[in-house]
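Dumping the structure here so I can ask a few things about it.
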Amino acid sequence: MILERIPPKICYLFVHRVSAVLRQAHSSVPPQPVPPLLQTLQRYLTALEPLLPPDELQHTRKIVQKFGCPGGQGEKLQRELIKRAKHSHNWVRIYRGTFCWQCLNGKLALEYMRGQPLCMELFPQLFSSCRIPGPKHDHVVHYGRPRRGPAHITVVRNYQFFQLDVYNSDGTPLTESQIHAQLLRIRSQSWKTDKQPMGILTSEHRHTWGQAYTRLLRDKINKESVRLIEKSIFTLCLDSPVMRISDEKYSSRMAAQILHGGGTFSNSGNRWFDKTLQFVVGEDGSWGLLYEHATAEGPPISTLLDHVLEYCKKPDRVRAPLIPLPMPKKLYFYINSEIKWDLEMAKQNLDILINDLDIKCFNFQRFGKEFVKQLKLSPNSFIQVAIQLAYYRVHSEVCAACDIASLRMFRGGRTDYIRSPTNQMLSFIWAFDDDAVSREAKVQLLREAVDAYSILTEQSLMGQGIDRHLLGLKLQAIEEGLSLPRIFMDTAYGLATHWKLRTGQVPTNTDSVMCFGPLAPDGYAVCYNPQPDHVHFSVTAFNCCEETNAEKLALTLERSLRDLQELFQPTV
């Protein structure tokens, strides 16, 4: 979820350009490599060193050595991965299931990272796509086609869904004034809140929703309405305003509203959480973008957001045709006793989830990425050290933490993890609050910690990370019907993949911030957007865990960033 505050009129300015995407020149983007087995295993052991006591580490080292020995399980599984890589564009994607990949022509500029072109395949998948629940597993369906794809969006207000065609009968897109007029018509038809918030069904546990989905689609009217929502280019959610308690807490409240709608008595019924893209616009001018993670990661979404906002700055000089437009079509649902029961259970469960999620957003204004660059350090690695320092100060320990690295330099690439803490980071954290350690020594330890993390980042970006490779080996064993190798049954692997800190840098050209939930019940999620002279942060945790507290970690992170600044710029 990405949120921002912009003028209310934006709600109808972005409709046309969001479906403009680039047909990727696939030959310029190489396939994703399979890292060498022994390299991954050695880096895995190195990543465990800050997390395990020596005796447990020695036990795990023996298991890893046996797995990677000549003729061992690891070598056999590695050979199969290499075979897959030779016959596919992306060996990781094979394990995710089969998606429908089609591209549309458009005008979104080709992106580059470090001078290398990035894969643009996923951008067409953002539109006219939806996650579909199943009785055992979900799948993603993409309805866009190069010609004659869906020509409508869905608009939802006061729990009522509408089909809004955004193209004229001659194929030209509606003008700004036409869309405005159509939205006003929808507004006039949706003053009263619908008694049954159908969108809340999509917030249920996936297996529960899968069963309810089957029951819902037995009725012809329901099936038609659901399909129109799923096929729409995207969904536009017109929300009631967020109650403003204080300026300090407003950004956190707004983040919660866009992420989940605020509950069954607020705007949660104005969502279809399976939909890939949902633009949320509040009556108070707040604005955000909610997206379903199965299709894409945060950076491509932020690229789309930047593109939309740049387009919105351009005046609409096209005159609206004089041909009258048809009324937007309201989507109806037939609710029997079973569906009503499903809705009641979904409402109860959603409110429990919402009350459990703690969100704290803040803007750190002491410095931004330019200050860190002046120190000749990586801003992302610098912030990662600050996050680990803050966690240590709160919990007196380090933990398995993951940052997200994009693999879009490879065709069909998604992400791998950048692991922390490192040995160098741990040395710095232990020394930083020790008055016996000199300032010069602390500066040197900080530089070493930042450089070590930057090396890990580079490795992951080049397709040489360890987590996707280990996962591929594990899934290959499962697919072949083999017993799971001991390396994945080891308690060390469970500890190493119990992510108490989920972090992510999602930079944009705007003052916005992404927000997502923790990966573990006793964990945090920290997302940040570094700007030249400030950094936006969001921190989330679960209230049910007595050990975690989003606000406490956020305050400690602010203090840690100030302390790191003073390390280089000591006050007199």
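The values are calculated or read from the model by the stated rules, or taken from the named source; none is laboratory data. These numbers come from a predicted model, not from an experiment. Using ideal geometry, Cβ is built from the backbone for each residue, glycine included, and neighbour counts are taken over all protein chains shown. In case anyone asks, the SASA skips ligands and DNA or RNA and just uses the protein heavy atoms, side chains included. Shrake-Rupley method; radii C 1.70, N 1.55, O 1.52, S 1.80 Å.
Add +1 for every Lys or Arg and -1 for every Asp or Glu among the other residues with Cβ under 15 Å from the Cβ of L473, and state the total.
Values: positive: R43, K66, K76, R79, K83, R84, R468, K474, R486; negative: E75, E80, D416, D467, E479, E480, D490.
It works out to a net charge of +2.
Right, next: Once ligands and nucleic acids are excluded and a 1.4 Å probe is used, how much of C361 is accessible, expressed in Å² to the nearest 10?
Using a 1.4 Å probe on the heavy atoms, I get roughly 10 Å².
Mind checking which aspartates and glutamates have their C-alpha under 19 Å from K83, skipping anything on the same chain fewer than 8 residues away?
Correct list for K83: E75, E479, E480.
Quick check: with the 1.4 Å probe, what order do E558, E283 take by accessible area, largest first?
Final ranking, largest accessible area leading: E283, E558.
Excluding ligands, DNA and RNA, what is the solvent-accessible area per residue of the range 124-357 at a probe of 1.4 Å, expressed in Å²?
Per residue, the range 124-357 has 47 Å² of solvent-accessible surface.
State to the nearest 20 debye the size of the charge dipole of the range 365-567 about its Cα centre, where the only charges are +1 on K and R beta carbons and -1 on D and E beta carbons.
Dipole about the Cα centre, nearest 20: 500 debye.
What number comes out for the charge environment of R366, summing +1 per Lys or Arg and -1 per Asp or Glu over other residues with Cβ under 11 Å away? Present the calculation step by step, with values, prior to reporting the outcome.
Working: positive: R559, R562; negative: D533, E558, D563, E566.
Charge balance in the 11 Å sphere: -2.
Kindly provide the Kirkwood hydrodynamic radius of the range 217-352 in Å, to one decimal, from all pairs of distinct alpha carbon atoms.
17.6
Additional query: Could you check how much of the accessible area of the chain is carbon and sulfur, as a whole percent, using a 1.4 Å probe?
Working: 13770 of 25740 Å².
Carbon and sulfur: 54 percent of the exposed surface of the chain.
Let me ask something additional. Among T175, A255, L353, whose Cα projects farthest towards the positive end of the dipole of the chain, with charges put on the beta-carbon of Lys, Arg (+1) and Asp, Glu (-1)?
Of the candidates, T175 comes out farthest on the positive side.
Compute, for S203, the solvent-accessible surface of its heavy atoms (probe 1.4 Å) with the complete set of protein chains present, and express it in square angstrom to the nearest 10.
30
Binned at 10 Å from 0, what are the whole-percent values of the Cα-Cα distance distribution for the chain, short to long?
3, 16, 26, 26, 18, 8, 2, 0
Here's something else I'd like to know. Could you please put H260, H87 in sequence from largest to smallest accessible area, using a 1.4 Å probe?
The residues order as H87, H260, largest area first.
Can you tell me the accessible area per residue over the range 365-567, all protein chains present, probe 1.4 angstrom, in square angstrom?
38
Next question, about the same structure. Shape verdict for the range 365-567, please, from the Cα gyration tensor: rounded (a/c under 1.5), prolate (a/b greater than b/c) or oblate. If you can, show how the numbers build up before the last one.
Numbers: a/c = 1.60, a/b = 1.48, b/c = 1.08.
Because a/c hits 1.5 or more and a/b exceeds b/c, the range 365-567 counts as prolate.
For W499, what accessible area in Å² do you get when you roll a 1.4 Å probe over the heavy atoms of the protein chains, rounding to the nearest 10?
Rounded to the nearest 10, that gives 20 Å².
Using only DSSP helix segments of four residues or longer, with each worth -39500 (n - 2.57), what per-residue ellipticity at 222 nm results for the chain after dividing by its residue count and rounding to 500?
Dividing the helical sum by the residues of the chain leaves -12500 deg cm²/dmol.
Lys/Arg Cβ at +1, Asp/Glu Cβ at -1, dipole of the range 365-567 taken about the Cα centre: which of V385, A550, C527 is farthest positive-ward?
C527
Same structure again: Might you report the magnitude of the Cβ-based charge dipole of the chain about its Cα centre, with Lys and Arg at +1 and Asp and Glu at -1, to the nearest 20 debye?
Charge dipole, the chain, about its Cα centre: 2240 debye, nearest 20.
If I stretch the segment between Y334 and D316 completely, what's the gain in nm (0.36 nm per residue apart, minus their alpha carbon distance), one decimal?
Stretched fully, the Y334-D316 segment lengthens by 2.5 nm.
What pairs in K249/K376; K220/K275; K62/K442; K231/K500; K195/K314 have C-alpha atoms more than 31 Å from each other?
K249/K376; K62/K442; K231/K500; K195/K314, as the Cα separations exceed 31 Å there.
Tell me, what is the FRET efficiency for K62 and H293 to the nearest 0.05, using R0 = 30 angstrom and their Cβ-Cβ distance as r? Walk me through the intermediate numbers first.
Working: r = 37 Å, r/R0 = 1.23.
According to the calculation, E is roughly 0.20.
For L475, L446, write out the residues from largest to smallest accessible area, computed with a 1.4 angstrom probe and no ligands counted. Don't skip to the end; give the middle numbers.
On the way: L475 55, L446 0 Å².
Sorted descending by solvent-accessible area, the residues read L475, L446.
Can you give me the C-alpha center-to-center distance between the range 268-344 and the range 387-436, rounded to a whole angstrom?
Centre-to-centre distance over Cα atoms comes out at 35 Å.
Moving to a separate point now. In vacuum, with every alpha carbon of the range 124-357 counted as one equal point scatterer, what does the Debye formula give for log10 I(q)/I(0) at q = 0.08, 0.12 Å⁻¹? Two decimals, please.
The Cα Debye sum returns log10 ratios of -0.30, -0.69.
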